[in-house]
Every structure is written in structure tokens, then in C-alpha cells.
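The values are calculated or read from the model by the stated rules, or taken from the named source; none is laboratory data. Being a predicted model, the structure only gives us computed values, none of them experimental. No Cβ is skipped: glycine too gets one built from the backbone with ideal geometry, and neighbour counts run over all protein chains shown.
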Amino acid sequence: MNLLLTTPPSIPEVISENLTGVVFLIHGTRNVEAQSYIYEAMTRLCPLFAQTLELPLASVTYSFLEIMEPALEVVLKEMCAAGKTDLRVVPLLLFPGSHLNHDIPRIAREMMEQFPNVHINVGECIGVNDPEFLSILLKRL
């Protein structure tokens, strides 16, 4: 697959000025070919977001829920220990499910209990409520 991640995204108005870290969250897969694609895509995506958000490169990273590394818990703990206090977890998941409704919020709560000065905001899934979702689907026809 060809990766065309070359242009930094625009910044939504809702981004807090206090934002200190972004963690993209991917489910993970056993498929080795897909793993390579995911690692390559995230290696390109994170610097673009760091540049756009005017954050240090180390402040924008990725993690996985299952199978692949690094795990969400590990990445959040590292960012909290490094002094990041306003973190956003951006799930790259299409639909809500038990990971989004239970596992991810639990992990965020545990980190905030362990690091009381840290706030972790977990975003919504990418899905039918996103106004651009239909446009993306139509492009696939």
C-alpha cells in the first residue's frame, strides 16, 4: 500500500493551549504485513501532528490495545513520568465497543490516579457520527 501522509492537518478550534501530549491508539493485529503498514503510517503521522500542534516530536506518539507494542498503559505512564499533564488519547477505531467504553477509560483513570496532576482526555471513535465519515465511505465506492 502506498502511504501519502505528507501534509500537516489543520488544527481544530477545540484544542486546548495546555495540550502537552497526544497518543494515537490502534487496536493491534497479528498480521505481520499489516503491522508493518501500521508502524510505517504512524511513523509518518506523528511528526505531522507534532508539527501542526507545535509540540515536540516526543509529545505525539502511538500505542496499541492488544498484540502489538507499545501498549497504551506503557506510553501513558512514560508521558506522565516525563511531566506531560494534559494528554489526549485519540482512538483510531471505527466503532464503539468494550475497549472504547470500558478498557480505555479504565486505563486513563488508573493513570490519573497514579499521577494526580495529569488530565487524560479520551476521544471518540471514528464512525458514523463524524460528518466526514460518509464522504470517506463514498470515496471507497
Scanning segment 41-87 for residues that are over 19 Å from residue 121 (Cα atoms), aliphatic (A, V, I, L, M) and free of Cβ contacts under 8 Å to residues at least 24 places away in the same chain gives 42, 57
Please specify each residue of segment 79-109 satisfying the condition of being basic (Lys, Arg) and surrounded by 14 or more Cβ atoms within 10 Å (Cβ to Cβ). 84, 88
Any hit, segment 37-47, residues being at pLDDT 95 or above, of a type in the set (Val, Ile, Thr), closer than 20 Å to residue 18 by Cβ and not in a loop (DSSP other than H, G, I, E, B): no
Filter segment 110-138 for residues that are in a helix (DSSP H, G or I) and aliphatic (A, V, I, L, M); the one that is surrounded by the fewest Cβ atoms within 10 Å (Cβ to Cβ) is 138
Determine whether segment 102-122 contains at least one residue that is modelled with pLDDT under 95 and over 15 Å from the mean Cα position of the chain (by Cα). no
Among what's in segment 48-78 and is assigned to a helix (DSSP H, G or I) and β-branched (Val, Ile, Thr), pick the residue that is surrounded by the fewest Cβ atoms within 10 Å (Cβ to Cβ). 74
So the check is Cβ under 6 Å with 6+ separation or different chains; which pairs have a first residue in segment 17-36 that's at pLDDT below 95 and a second one that's surrounded by fewer than 17 Cβ atoms within 10 Å (Cβ to Cβ)? 18/86; 19/86; 20/85; 20/86
